[in-house]
1. Per the Kirkwood formula on distinct C-alpha pairs, the Rh of the range 1-84 is how many angstrom?
2. Once you compute Rg and the Kirkwood Rh from C-alpha atoms, what is the Rg to Rh ratio for the range 1-154?
3. Percentage of Cα-Cα pair distances in the range 95-175 greater than 19 Å, rounded to whole percent?
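Readers should treat all values here as calculations from the given coordinates under stated rules, not as data from a laboratory. Remember, it's a predicted structure, so these values are computed and weren't measured experimentally.
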């Protein structure tokens, strides 16, 4: 028996489990959306992070990485136990077809497992739903949790999709809006320092805010 798992978020760059084969490709009729809350990794219950999930969208395609786990039930069980802990906000396991060639009608792999979520705030307490771009950017720019900052998540996802050669325009747009917000706050900090000095209340508050950056390698290691 062989287990295939499709990663479209942090699994693209930080899989965290033992696998035997990795394949770049896509699934059909789904798109990434930042509509899911994370309250234990890159956010808190008081200030949830926004992470991506999949939304059904007929005709859309979503590129990512597929991981194959071979070696029998024990190895598959270990991978699934890890993934279920990590993907606890995702309340669905969906079976999809996986394609490697663009415009292909024939799937390369069938029976691919992907973690998704119910788009309903009643049945899924982690579902935040859509929001204006500026509001999502503010939330992502300011949320942080035990595993790091929310903004590092979207920046790493943006880079991972670039690295596999399949950038996502919606991710780029949201990441740029997050950068714009960070730049605005950084500018306020610098202006406050010039005007009032480092001991001012505004400067002290902003300097100690979650906008402090963390090293890239720490962000990658923490996202599990």
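1. 14.2
2. 0.97
3. Across the range 95-175, Cα pairs with separations above 19 Å total 60 percent.
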